[in-house]
Amino acid sequence: MTGEQARALARECGFELAGVARAEPAADAARYREWVAEGYAGEMRYLTDRRAAVREDPRNLLASARSVICVGKLYQTPWPLSTQFHDEERAWISRYAWGDDYHDTMRRGLEQLAARIAAREYKICVDTAPLLERSYARLAGLGWIGKNTCLINQQSGSLFFLGELLVSIEIAPDSPPPDRCGTCRRCIDACPTAAIVPQGIDSRLCISYFTIEQRGPVAEELREGIGGHIFGCDICQDVCPWNRRAPVTEEAAFAPRLFAPRLEEMASLTQPEFRAMFRGTPITRARYSGFLRNVAIAMGNRGLAQFRGVLEKLAESEDAMVAESARWALGKLSPSAPSDR
Ligand code: B12
Ligand code: SF4
Ligand code: SF4
């Protein structure tokens, strides 16, 4: 099979971007080790435990692997960027989480691709497998790794998901494109928490990490930078010039279910309502407790006196983390007008 044939089949399976890399250790593995050693993974144990070593070689995932077919699927939608949105009563949910969970959609497309290639031995990876997805996607020619660490494609920007099909077939590899960040540093300057460091992202400072991955309370001194984000963060991609003309996805599953919800409505969700509202979206990863913590912090940052009532209820929550975050937020509200009391 040629690389061109593999790319054409991937496009038929719904992937706008595709390319091939050799199933061999990537030089970036050394970077990964340094990043972990610096503590930049925070509490994400799945990055630092025995699975860290698995990342050294794709053949640890499929012993017979010869090629890594890397694919990208766009999720850009014709809605405002986070940097263009300023409604204080509403929360920002990261663009990638507006529609159905991408893991399922990507996996289905990769199953189709495996069937079309008639691969006898294969392994599908989407996000959760211990594989350096961006490094292999770069080697497969899908883009370069920007200073914000996202994989950026010259035509498509960075608003796309990555997935891989490891196959035991030998396919001629593609070559990586040049780095086109140049002297730009907009992402570094725009990051509200200074999470972009020379080695990549210091997750311990990243809003995306706080609001999605971190299970415990967010340190007080870091809460202000979170602004109105309640799940993920798009800032370092929204300021990137390569996303100015990013093409919009044609994938119905990624059409927004819920855009910038009202904070008061989110703070009032019961656990069953939370489950029902976000079933099948990435947002369930934050869990109910983490989600309410995020909502409380966003309300404190917005500081609107009208949030007092719902925050007082959250402050009585049996969940100590939610209650503490709500108490903190109450202390940040502007004084209520007499009519609000
Ligand atoms: C852990 C994780 C996170 C963590 C840590 C992020 C990070 N940058 O490391 C947190 C929770 C913060 C996060 C946030 C997000 N994530 Co995330 N995340 C992952 C995950 C599971 C592992 C990444 C990892 O190994 N990080 C450790 C670092 C060291 O590895 P790395 O980022 O891959 O970096 C390598 C290269 O950058 C390379 N390198 C080579 N050349 C260069 C040059 C420069 C200048 C630099 C800095 C690095 C570099 O060295 C590194 C070591 O190999 C991957 C899926 C996967 N299995 O790879 C998704 C993944 C990277 N995430 C993704 C997405 C969409 C996001 C968010 C946009 C979600 C959101 N809106 O909130 C943000 C973006 C934040 C950002 N600027 O990175 C996509 C990225 C798609 C793309 N086009 O790049 C992935 C690939 C998931 C997927 N399958 O689509 N994520
Ligand atoms: S996702 Fe947000 S907090 Fe994290 S590095 Fe990018 S701009 Fe900074
Ligand atoms: S904003 Fe500039 S420096 Fe950052 S990733 Fe985009 S092009 Fe590169």
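The table below lists the values:
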quantity: Filter result (more than 8 Å from ligand 3 (Cβ to nearest atom) and either crowded, with 18+ Cβ neighbours inside 10 Å or basic (Lys, Arg) (or both)) within the range 177-195; calculated: Cys191, Thr193, Ala195
quantity: The range 140-176, subset open to solvent by 20 Å² or more (accessible area, probe 1.4 Å) and of a type in the set (D, E, K, R), residue nearest to ligand 2 (Cβ to nearest atom); calculated: Lys147
quantity: Count of residues meeting criterion [open to solvent by 40 Å² or more (accessible area, probe 1.4 Å) and under 18 Å from the mean Cα position of the chain (by Cα)] in the range 81-111; calculated: 6
quantity: Enumeration of residues in the range 65-111 that are touching a strand residue (DSSP E or B) at 6+ places or on another chain (Cβ under 6 Å), aromatic (Phe, Trp, Tyr) and over 24 Å from Glu164 (Cβ atoms); calculated: Trp92
quantity: Matching option when the condition is within 16 Å of ligand 3 (Cβ to nearest atom) and either small (Gly, Ala, Ser) or at pLDDT below 95 (or both), among Ala246, Ala298, Ala260, Ala252; calculated: Ala246
quantity: Residues (surrounded by 20 or more Cβ atoms within 10 Å (Cβ to Cβ) and touching a Gly at 6+ places or on another chain (Cβ under 8 Å)) located in the range 213-236; calculated: Gln214, Arg223
quantity: Close pairs from the range 140-158: first more than 11 Å from ligand 3 (Cβ to nearest atom), partner polar (S, T, N, Q), Cβ under 8 Å, at least 6 apart; calculated: Gly141/Ser175; Leu142/Asn153
quantity: Leu131 vs. criteria within 16 Å of ligand 3 (Cβ to nearest atom) and modelled with pLDDT of 95 or more; calculated: no
quantity: Residue match in the range 269-282 (condition: under 30 Å from Arg186 (Cα atoms) and open to solvent by 60 Å² or more (accessible area, probe 1.4 Å)); calculated: no
quantity: Qualifying residue in the range 112-122 (condition: in contact (Cβ under 8 Å) with a residue 24 or more places away in the chain, open to solvent by 10 Å² or more (accessible area, probe 1.4 Å), assigned to a strand (DSSP E or B) and more than 16 Å from ligand 3 (Cβ to nearest atom)); calculated: yes
quantity: Positions within the range 191-224 being in a helix (DSSP H, G or I) and closer than 25 Å to Glu34 by Cβ, in sequence order; calculated: Ser203, Arg204, Leu205, Ile207, Ser208, Tyr209, Phe210, Ile212, Glu213, Leu222
quantity: Members of the range 283-309 found to be open to solvent by 30 Å² or more (accessible area, probe 1.4 Å) and either of a type in the set (Phe, Trp, Tyr) or part of a helix (DSSP H, G or I) (or both), listed by number; calculated: Thr284, Arg285, Arg287, Tyr288, Ser289, Asn301, Arg302, Gln306, Arg308, Gly309
quantity: Selection count, the range 123-172, where residues are more than 18 Å from the chain's Cα centre (by Cα) and not in a loop (DSSP other than H, G, I, E, B); calculated: 6
quantity: Residue in the range 273-285 that is at pLDDT 95 or above, closer than 30 Å to Thr105 by Cα and touching a Ser or Thr at 6+ places or on another chain (Cβ under 8 Å) present; calculated: yes
quantity: Residue that is surrounded by the most Cβ atoms within 10 Å (Cβ to Cβ) [pool: residues in the range 123-132 that are closer than 21 Å to Pro176 by Cα and without any contact (Cβ under 8 Å) to a residue 60 or more places away in the chain]; calculated: Val126
quantity: Extreme residue, farthest from Ile201 (Cα to Cα), among residues of the range 33-80 that are among the hydroxyl-bearing types (Ser, Thr, Tyr) and outside any loop (DSSP other than H, G, I, E, B); calculated: Ser67
quantity: Subset of the range 84-111 (residues that are assigned to a helix (DSSP H, G or I), of a type outside the set (D, E, K, R) and modelled with pLDDT of 95 or more); calculated: Tyr96, Ala97, Tyr102, His103, Thr105, Met106, Gly109, Leu110
quantity: Residues of the range 266-310 that turn out to be touching a residue at least 40 places away in the same chain (Cβ under 8 Å), within 17 Å of Val218 (Cα to Cα) and among the hydrophobic types (A, V, I, L, M, F, W, C), as a count; calculated: 5
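The values are calculated or read from the model by the stated rules, or taken from the named source; none is laboratory data. Quick caveat, the model's predicted, so the values are computed rather than measured. Because the Cβ atoms are built from the backbone with ideal geometry, glycine has one as well, and the counts that use them run over all protein chains shown. These accessible areas exclude ligands, DNA and RNA; they are computed on the full protein's heavy atoms, side chains included. Shrake-Rupley method; radii C 1.70, N 1.55, O 1.52, S 1.80 Å.
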